[in-house]
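To start, the structure itself, in structure tokens.
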Amino acid sequence: MADRPSTPLLDQVTVPADMKGLSDGQLHQLAHEVRQETISAVSVTGGHLGAGLGVVELTVALHAVFDAPKDKIIWDVSHQCYPHKILTGRRDRIRTLRMKDGLSGFTKRSESDYDCFGAAHSSTSISAALGFSVARDLGGEGGDAIAVIGDGSMSAGMAYEAMNNAGHLKKRLIVILNDNEMSIAPPVGAMSSYLSQLYAGEPFQDLKAAAKGAVSFLPEPFREGAKRAKDMVKHMTVGGTLFEQLGFSYIGPIDGHDMDQLLAVLRTVKDRAEGPVLIHAITKKGKGFAPAEAARDKGHATGKFNMVTGEQKKAPSNAPSYTSVFAESLMNHAATDPKICAITAAMPDGTGLNKFMERYASRCFDVGIAEQHAVTFAAGLAAGGMRPFCALYSTFLQRGYDQVVHDVAIQRLPVRFAIDRAGLVGADGATHAGAFDVAYLTNLPGFVVMAAADEAELVRMVATAAAHDDGPIAFRFPRGEGVGVEMPTDPKPLEIGKGRMIREGSQVAILSFGTRLQEVEAACEALAAKGITPTVADARFAKPLDKDLILQLAADHDALITVEEGAIGGFGSHVAQLLAEEGVFDAGLKYRSMVLPDIFIDQAGPREMYEVAGLNAEDIEAKVLEVLGVATLEKRA
């Protein structure tokens, strides 16, 4: 009788403690199974594939050697955390990644004790790990603190601020530099060059080959010790001058896919480390899945896909994406204006500037994950007579806010901010929601702030920004496809601070700012069946406000409702301030402002998130009925 197939090791591992009895050989097999499980799950859910595949062996080794959750494993950005989630009691829900009521695509403290620190933006892990280390030594929770940070994230100054402080404090702290030579875009700058020189050196390659050969001749009981010694000697052979000057003991480079090397080094560090240690591990993003390894971005972010071919399953669409419309429009202006240039922070593909970069290489700058620098660099370009477009996601622009205030706004420099991913973005959840830019930009003197209602309006706003040389200007647009409107062939700049009427009505006016205009229109169609015909206007500008339009709407209607895809304190708040100062409320105007609620909304589909926010057509219809005193709609199931 044939032997029954053995139970997969992954079926025997519910939490990391279950790995303690596994042999090193079994850990090899477990890593293989975790990789296959990760590929299978992401093929169903979509998500960040390449980063997770690159750290499978590292994840298994960390959980095999250390004792989470007592030991704190902090994943920088944490888009590589899917293998970690599989091994920490969440495998049964791994196919709910990034879905409503499912697992987050990032680490999240409220989700698991094994997620000791939440993240989704880069370069925070070393600061957090140092905080855990100091807290431990001050009598807080015990255990080691291990930060896993990618080479792309090391381009941000915050990582070095943390390392400098850690070296000064001399606390026991472990940093693993996961060096895959590939952040979202190829890493730029001196840091990437430095790392490349380290592992390209012949001395390291020779030693590695010699050490592996020598170990094979040793008796079995001595091989483990020889492996540990080999990895420690490599530190002395290659050196880690930059990190050592910051006060870290440097180990590496090591092969981040070689389980024997990983286990040997991690065990040595766990047993012997006294101060801060940096382990430099070389990995391959997308490792073990050929379509990801072959992809330009190494499978960074993918939709649902075929596990055999890697082909992504995308719904067909006849409308272009807002991002592509922005990029194409900017290139058209750059063709006739040599002063137009573009800046992004490690997101040329995401912001559409990869196409601009191909056509105008000398005028396009990817500064790496360094939004603070991106903003001030753009300010310098503007001061030098150029017309810079700083293209950042709304949620990433937050990281450069002091520079927006200090270096751009105060000096009234004409930096053009193209703010992508405005509003709620779906599966990436609260960490990537563009909820706050309207509020934090409209509060700055001299700023012009626009929001496109559709892709045709976006083209007009790019033209407006290109022509605007009197101080900073920003325009925001959402993720995803446009609505399929006819595009202007010769877009002219908008008049600054002037909105537009969409439809004339009576009783109630709806003033929309941004792409909720489509939901407003849908609500009006439903209201028409009830005999209610609201007036609808598109504000276009949150700053400066179209004072004449707003006051006219207030004078001609019993009620005014503003609608926006932003937090309280933004467009609606500025409208309320204007109405109060003009004494309009004294005349009995009913005013309502529909904004994002005062909560962080978890991941779901965009429409589901806007349902939670109360900003879909049904919600707008209900608000109109409520303000007019008409019986409200029955609650939706």
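The values are calculated or read from the model by the stated rules, or taken from the named source; none is laboratory data. Note that this is a predicted model, so its numbers are computed, not measured. Every residue, glycine among them, receives a Cβ derived from its backbone with ideal geometry; neighbour counts consider all protein chains shown.
Filtered by the rule that a residue be surrounded by 24 or more Cβ atoms within 10 Å (Cβ to Cβ) and aliphatic (A, V, I, L, M), the stretch 113-149 gives I126, A129, A145, I146, A147, V148, I149. Candidates in the stretch 167-183 are the residues that are surrounded by fewer than 24 Cβ atoms within 10 Å (Cβ to Cβ) and of a type in the set (A, V, I, L, M, F, W, C); of these, the one that is modelled with the lowest pLDDT is M182. When you look at C390, is it within 19 Å of the chain's Cα centre (by Cα), in the same structural domain as A346 (by TED's automatic domain parsing) and hydrophobic (A, V, I, L, M, F, W, C), yes or no? For C390, the condition - within 19 Å of the chain's Cα centre (by Cα), in the same structural domain as A346 (by TED's automatic domain parsing) and hydrophobic (A, V, I, L, M, F, W, C) - is met. Within the stretch 523-545, if we keep just the residues that are within 31 Å of the chain's Cα centre (by Cα) and among the small types (G, A, S), the residue that is farthest from R500 (Cα to Cα) turns out to be A542. Anything in the stretch 539-560 that is within 18 Å of A439 (Cα to Cα) and touching a helix residue (DSSP H, G or I) at 6+ places or on another chain (Cβ under 8 Å)? List them, or say none. Result: A539, R540, A542, K543, L545. Scoring R272 on the criteria (1) modelled with pLDDT of 90 or more; (2) farther than 22 Å from Y160 by Cβ leaves a single failure, condition (1).
Flag not set for A346, criterion: in contact with a strand residue (DSSP E or B) (Cβ under 8 Å, 6 or more places away or on another chain), in a loop (DSSP other than H, G, I, E, B), touching a residue at least 12 places away in the same chain (Cβ under 8 Å) and surrounded by fewer than 22 Cβ atoms within 10 Å (Cβ to Cβ). Of the residues in the stretch 63-92, how many are among the acidic types (D, E) and surrounded by 24 or more Cβ atoms within 10 Å (Cβ to Cβ)? The number of residues fulfilling the criteria is 1. F243 meets all of the listed conditions (1) touching a helix residue (DSSP H, G or I) at 6+ places or on another chain (Cβ under 9 Å); (2) modelled with pLDDT of 85 or more but one, namely (2).
Here is a yes/no grid of residues against (1) in contact (Cβ under 8 Å) with a residue 60 or more places away in the chain; (2) touching a Gly at 6+ places or on another chain (Cβ under 6 Å); (3) surrounded by 13 or more Cβ atoms within 10 Å (Cβ to Cβ):
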position: R296; (1), (2), (3): no, no, no
position: G299; (1), (2), (3): yes, yes, yes
position: F305; (1), (2), (3): yes, no, yes
position: K314; (1), (2), (3): no, yes, no
position: A319; (1), (2), (3): yes, yes, yes
position: S324; (1), (2), (3): no, yes, yes
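Out of T14, T38, one residue alone is out of contact with any His (no Cβ under 6 Å at 6 or more places or on another chain) and outside any helix (DSSP H, G or I). It is T14.
Counting only strands (runs of 3 or more DSSP E) wholly contained in the stretch 358-462, the ones carrying 1 or more residues that are farther than 14 Å from A345 by Cα occupy 387-393, 416-420, 448-451. When the residues of the stretch 400-419 are filtered to those that are of a type outside the set (F, W, Y) and either modelled with pLDDT under 95 or within 19 Å of the chain's Cα centre (by Cα) (or both), the one that is surrounded by the fewest Cβ atoms within 10 Å (Cβ to Cβ) is G400. When H280 is tested against (1) part of a strand (DSSP E or B); (2) surrounded by fewer than 18 Cβ atoms within 10 Å (Cβ to Cβ), exactly one condition is not met: (2). Restricting the search to the stretch 479-504, which residues are over 24 Å from D337 (Cα atoms), out of contact with any helix residue (DSSP H, G or I) (no Cβ under 6 Å at 6 or more places or on another chain) and modelled with pLDDT of 95 or more? Of everything in the stretch 479-504, those that are over 24 Å from D337 (Cα atoms), out of contact with any helix residue (DSSP H, G or I) (no Cβ under 6 Å at 6 or more places or on another chain) and modelled with pLDDT of 95 or more turn out to be G497, K498, R500, M501, I502, R503, E504. Quick check, is D602 at pLDDT below 95 and closer than 29 Å to G434 by Cα? Taking the combined requirement at face value, the residue satisfies it.
Taking the criterion of being surrounded by 13 or more Cβ atoms within 10 Å (Cβ to Cβ), in contact (Cβ under 8 Å) with a residue 40 or more places away in the chain and within 23 Å of E626 (Cβ to Cβ), the residues of the stretch 483-514 that qualify are Q507, V508, A509, I510, L511, S512, F513, G514.
Taking the criterion of being over 20 Å from Q411 (Cβ atoms) and either crowded, with 23+ Cβ neighbours inside 10 Å or among the charged types (D, E, K, R) (or both), the residues of the stretch 467-481 that qualify are F475, R476, F477, P478, R479, E481.
Go through the stretch 309-335 and report how many residues are assigned to a loop (DSSP other than H, G, I, E, B) and modelled with pLDDT under 90.
10
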